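Trainee: Here it is, the structure in full.
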Amino acid sequence: MLDVKNLMIFYENALAVNNLNLDVKKGEIVGVFGSNSAGKTTLMNTVAGLTLHMKFREHRKGGQRITIVGQQNFEGEDISNRSPNDRVKKGIVLCRERHPVFRDLSVEENLQLGGFLIKEQVKVQESIDLVYNIFPPLTKLKSRRAGLCSGGEQEMIAIGMALVARPKLLLLDEPLLGLSPVMQAIVVQALKDIRSLEVTVLLTEQYARPIMPHIDRGFIIENGTLIMSGTKEELMDNPEVMSAYFGM
Amino acid sequence: MIESMLVFGLVNSAVLMLLALGFSLTFGLSGVANFSHGGIYLFAGYLAYFLLKMGLPYFIAVVLTIFITALLGAAIYKLIVIRVRGIVLNEVIATFAIGICMLEFFRWLGFVTYEYSLPYIARGRFTIFETTLDYQRSLIIVVALLLAVFLWFFTHRTKTGLALLGMAQDEYTALAVGIDSDWAATYSFAIGGAFAAIAAVMILPLGIININIGYEVLLIALAVTVLGGLESTKGLILACIILGYAQVITSTFFAPHWKEAVYLAAILIVLAVKPSGLLGKFKELEERV
């Protein structure tokens, strides 16, 4: 479904992603693990087209020089030069890290905006009801301003927003970052629900343990370079991986 | 005297609100302070004048004016501002230069004589609270209220309005759900232009069309936006009421020419005491969370 080939990204002369090859097949949940500054967020932003947008923006104002080399294919089509909203139309939707929401809009309005590109209002409403099913705590917060919700609630809103956009490939950037164990459990549970919707998921995380049982395959990157990849079992059997990313 | 001060204070507030709404809206939604607002305002005035002179019926001329001025707003973003987007100083210089170019171009064309004026929508007057008020001024109050209601409805009940608000609050998240940032900015410039045109058609009939009005409009828009706080419609209304009544009070008790000083004093005081404005809610919310 998604096929990233020889991806290299430079910010000025600093290498953020180094010759990365990564693929996601339809129906899978794939995890990308790595420490801070490993290039996870850059990878996600690039697949969603945000890095490209930033590149144009910086170029326009003569700021930082961003270079993107390599191929990004989605469903057999090269999307390397597609704009972010083109990619959303194709079905790639990113839920960014640190649960970003539209803080002055209500929870319901936030979810509505997720369906911005969907023409039929009925479909949007269906998806919103589905999000309330996946995240029951949101039902009580419908008219609360999103900026006043807790971090966990904002994460639910952010994932919900991405789901309302009806993704084929959902990108989750560090969905568990900064959440309490209870909230983490809710998000991990939601991951199972998302799989049953036949949505393919590519997610990143620093600390792999809570999410590991639910993924099919994983990639481990360090300083922008892929150091290991394999199925869940292969990764769990590797003692180095266990100590570095699972704290065991 | 109190009655007439109350009534004319309200008229004044409504005038300020019409003048500032377009500027404040563009600023709130796209983050670009469109300093060509005064130029756009006068452009709309002259456009309406010439359309009416061509013999078009009043209603059609007004609708055309609003539409064309909206296109002008969009064009200013698409052709010029887009190249400097993100560098605040350059945005200010670019839009300010466009505004001055437009105003001085009109002066060069010689649009300065007494024949340049727009017709009243309705002639006549009535008496309220022992004050005589003409229909045009009372219509200004009605239109200002209608625009405020429309604005609230547009930003909270329509998909496009919500998307523009979303883009103003968190650009990258908005991009991630498929909202295009240049589309949003173009849209907000167009709405700003349309609002300037509505203001021009309503307010310019009160006097003759004068190039200097363009500079004054910019000052008013800036004062109201600074006083009211960004991206807050309630703040905008409150600021208009404060400034509107402050003007009436100063011109009644001091002298009419002190009216202009009110804007400058308001900008200075607000920047010194509460830089986010009376109801600037962005910073406030950030502090609370």
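All of the numbers you see were taken from the coordinates with simple rules; none came from a lab. Just so it is clear, the structure is predicted and the values come from calculations on it, not from any experiment. Reconstructed Cβ throughout: ideal geometry from the backbone, glycine too, with neighbour counts over all protein chains shown.
Trainee: Considering only DSSP beta bridges where both residues belong to the protein assembly as shown, give the percentage that are antiparallel (nearest 5). Spell out each step's value before the answer.
Mentor: Values: 28 of 47 bridges.
Taking every DSSP beta bridge with both residues in the protein assembly as shown, the antiparallel ones total about 60 percent.
Trainee: Take A:VAL69 and B:ALA265, extend 7 Å from each Cα along the Cα→Cβ direction, and tell me the distance between the two endpoints in nm.
Mentor: Computed distance between label sites A:VAL69 and B:ALA265 equals 6.5 nm.
Trainee: Within chain A, which whole H helices from DSSP have a Cα span along their axis of at least 18 Å and a mean Kyte-Doolittle hydropathy of 0.5 or more, if any? Before the final figure, lay out each step's value.
Mentor: On the way: long enough: A:121-134 (20 Å, 0.14); A:151-164 (19 Å, 0.91); A:181-196 (23 Å, 0.60).
Once both thresholds are applied, what remains is A:151-164, A:181-196.
Trainee: Are there trypsin sites (Lys or Arg not before Pro) in the range B:63-160 that DSSP marks as loop and that have at most 11 other Cβ atoms within 10 Å, and which are they? Could you put the intermediate results ahead of the total?
Mentor: Values: sites: B:LYS78, B:ARG83, B:ARG85, B:ARG107, B:ARG123, B:ARG125, B:ARG137, B:ARG157, B:LYS159; in loops: B:ARG85, B:ARG123.
Those that pass, being in a loop and sparsely packed, are B:ARG123.
Trainee: Modelling each spin label as a point 7 Å along the Cα-to-Cβ direction, I'd like the B:VAL88/A:THR231 distance in nm, to one decimal.
Mentor: It is 5.5 nm.
Trainee: Taking the alpha-carbon distance from A:LYS25 and a cut-off under 22 Å, which lysines remain once sequence neighbours fewer than 8 residues away in the same chain are dropped?
Mentor: A:LYS5, A:LYS40, A:LYS89, A:LYS90, A:LYS168, A:LYS192, A:LYS232
Trainee: How about B:LYS53: which aspartates and glutamates have a C-alpha closer than 18 Å to its C-alpha, ignoring those fewer than 8 places off in the same chain?
Mentor: Correct list for B:LYS53: B:GLU115.
Trainee: When chain B is treated as a GNM, springs tying every alpha-carbon pair under 10 Å, which of B:GLY38, B:GLY161, B:GLY99 comes out with the largest mean-square fluctuation?
Mentor: B:GLY161
Trainee: Quick one: longest stretch of chain A between exposed loop GluC sites (Glu not before Pro), exposed meaning at most 15 other C-beta atoms within 10 Å and loop per DSSP? Before the final figure, lay out the partial values.
Mentor: Numbers: sites that count: A:GLU12, A:GLU75, A:GLU120, A:GLU198.
Answer - A:121-197.
Trainee: To the nearest whole number, what is the average tally of beta carbon atoms from other chains within 10 Å of the beta carbons of peptide A:105-117?
Mentor: Values: counts 7, 1, 0, 0, 5, 5, 0, 4, 11, 4, 3, 10, 5.
The mean count of partner-chain Cβ atoms within 10 Å per residue comes to 4.
Trainee: Is there a simple number for the mean count of other chain Cβ atoms within 10 Å of the Cβ of residues in A:74-86, and what is it? Walk me through the numbers before you get to the answer.
Mentor: Values: counts 0, 0, 0, 0, 0, 0, 0, 0, 0, 5, 9, 9, 2.
The mean count of partner-chain Cβ atoms within 10 Å per residue comes to 2.
Trainee: Distance from the Cα centre of the range B:12-73 to that of the range B:136-210, in angstrom?
Mentor: 11
Trainee: Sticking with this one: Out of the range B:97-206, which GluC sites (Glu not before Pro) are coil in DSSP terms and have no more than 13 other C-beta atoms within 10 Å?
Mentor: On the way: sites: B:GLU104, B:GLU115, B:GLU130, B:GLU171; in loops: B:GLU115, B:GLU130.
Loop-located and lightly packed - B:GLU115, B:GLU130.
Trainee: Which of the three applies to the range A:2-246, rounded, prolate or oblate, going by the alpha-carbon gyration tensor with a ≥ b ≥ c and a/c under 1.5 meaning rounded?
Mentor: On the way: a/c = 1.62, a/b = 1.21, b/c = 1.34.
It comes out oblate by the Cα gyration axes.
Trainee: For chain B, the longest stretch holding no chymotrypsin sites (Phe, Trp or Tyr not before Pro) located in a DSSP loop with at most 16 other Cβ atoms within 10 Å is which? Present the calculation step by step, with values, prior to reporting the outcome.
Mentor: On the way: sites that count: B:TYR114, B:TYR120, B:PHE129, B:PHE254.
The segment B:130-253 is the longest one with no such site.
Trainee: Show me the trypsin sites (Lys or Arg not before Pro) within the range A:80-139 that DSSP assigns to loop and that have at most 16 other Cβ atoms within 10 Å of their Cβ.
Mentor: Qualifying residues, ordered by number: A:ARG98, A:LYS119.
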